[in-house]
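> Here's a structure for you.
The values are calculated or read from the model by the stated rules, or taken from the named source; none is laboratory data. None of the values given here were measured: they were computed from a predicted structure. So basically every Cβ, Gly included, is an ideal-geometry build from the backbone, and we count neighbours across all protein chains shown. Please note that ligands, DNA and RNA were not included when accessible areas were found on the heavy atoms of the full protein model with its side chains. Shrake-Rupley method; radii C 1.70, N 1.55, O 1.52, S 1.80 Å.
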Amino acid sequence: MATGTMATTTAAAESGASFNWGFAAGAAFAGAAALAISQYSGESFSTMSAAADVPVAGLPGTNQERSFFMVKPDAVQRGLVSEIIGRFEKRGYKIVAMKMVTPSRELIEAHYDDLRSRPFFEGLCKYMSSGEAPVVAFVVEGKGIIKVGRDMIGVTDPLKSAPGTIRGDTGVSIGMNSIHGSDGVEGAASEIPLWFSQDEIANWNKTADKWIYE
Ligand code: IDP
Ligand code: MG
């Protein structure tokens, strides 16, 4: 009796789910068709102008300056990926690359190569490459991003980071400070190609830029 009731409930739930899915798929199809029509009524994809080719590491000092960022495992575990990446989008910056990675020990050692002699290096590498949570690596493009990105992040110790900065709003521990960001032009130039190949970077035109750059 109990089994029969359960079976009935399950079947009802399944048919409900299938109806909803069909409806959702239909709506999505209609939406996609409308989108395609609106896009093809203007320029076609093939004739839309592509963003001018920008070197992987960007063009420091221009609107195509680029910096490398990474949401660290602590912030991924805490569900802060969208909170962190959203701040760059809100500021008006353009994301030109992004991927979730479980980094190898080798990659993390190469990334933090300049810190090899520091006492926390071993613990840092172990933590970042533990695999307990991935990282989200991303490249942001826009005017002043290398310095402004650091300003948005805050100082290394979250306890000393001003409220309003990412670290100042999300953490209390120096070893779990939510995000990495390139510390200068040289850092960005070495870190972007370390994490992303050329074909993983999207050179795209952001049409909203005309409302961001005067
Ligand atoms: P940054 O991330 O602000 O550029 P760095 O000095 O480059 O700071 O250090 C890289 C990372 O190493 C820091 O973000 C932090 O997670 C970790 N770290 C730095 N100093 C310490 C420390 O004194 N104890 C533990 N971890 C540290
Ligand atoms: Mg650093």
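> I'd like to check which helices (runs of 4 or more DSSP H) are fully inside segment 71-115 and have at least 3 residues that are open to solvent by 50 Å² or more (accessible area, probe 1.4 Å) and among the aliphatic types (A, V, I, L, M).
Because the criterion is at least 3 residues that are open to solvent by 50 Å² or more (accessible area, probe 1.4 Å) and among the aliphatic types (A, V, I, L, M), no helices (runs of 4 or more DSSP H) in segment 71-115 meet it.
> Right, here's the next one. Cβ contacts < 7 Å: first residue in contact (Cβ under 8 Å) with a residue 12 or more places away in the chain and more than 13 Å from ligand 2 (Cβ to nearest atom), restricted to segment 173-191; second residue of a type in the set (V, I, T) and part of a helix (DSSP H, G or I), any location; separation 6+ or different chain. Result?
Listed by first residue and then by second, the contacts come to S178/I84; S178/I166; S178/T170; V185/I146.
> Select from segment 76-128 the residues that are within 16 Å of ligand 2 (Cβ to nearest atom), touching a residue at least 12 places away in the same chain (Cβ under 8 Å) and aromatic (F, W, Y) and write down the one among them that is nearest to I192 (Cα to Cα).
If we take residues in segment 76-128 being within 16 Å of ligand 2 (Cβ to nearest atom), touching a residue at least 12 places away in the same chain (Cβ under 8 Å) and aromatic (F, W, Y), then Y112 is nearest to I192 (Cα to Cα).
> Here are some residues: A162, A133. Which one is open to solvent by 30 Å² or more (accessible area, probe 1.4 Å), over 12 Å from S67 (Cα atoms), in contact with a helix residue (DSSP H, G or I) (Cβ under 8 Å, 6 or more places away or on another chain) and more than 13 Å from ligand 1 (Cβ to nearest atom)?
Every option except A162 fails the conditions.
> Let me ask you something else. Give me a count of the residues in segment 194-214 that are among the polar types (S, T, N, Q) and under 30 Å from D113 (Cβ atoms).
The first filter runs over segment 194-214 and keeps only residues among the polar types (S, T, N, Q), leaving 197-198, 203, 205, 207.
From what's left, under 30 Å from D113 (Cβ atoms): 197-198, 203.
Result for segment 194-214: 3.
> Can you name every residue in segment 56-77 that is out of contact with any Lys or Arg (no Cβ under 9 Å at 6 or more places or on another chain) and within 15 Å of ligand 1 (Cβ to nearest atom)?
Result: F68, F69, M70, V71, K72, P73, D74, A75, V76, Q77.
> Looking at segment 55-70 only, could you name the residues that are touching a residue at least 40 places away in the same chain (Cβ under 8 Å) and either surrounded by fewer than 17 Cβ atoms within 10 Å (Cβ to Cβ) or within 16 Å of ligand 2 (Cβ to nearest atom) (or both)? Before you say what the answer is, go through the steps one by one.
Pass one, segment 55-70, residues touching a residue at least 40 places away in the same chain (Cβ under 8 Å): 56-58, 60, 62-70.
T62, N63, S67, F68, F69, M70 - these are the residues of segment 55-70 that are touching a residue at least 40 places away in the same chain (Cβ under 8 Å) and either surrounded by fewer than 17 Cβ atoms within 10 Å (Cβ to Cβ) or within 16 Å of ligand 2 (Cβ to nearest atom) (or both).
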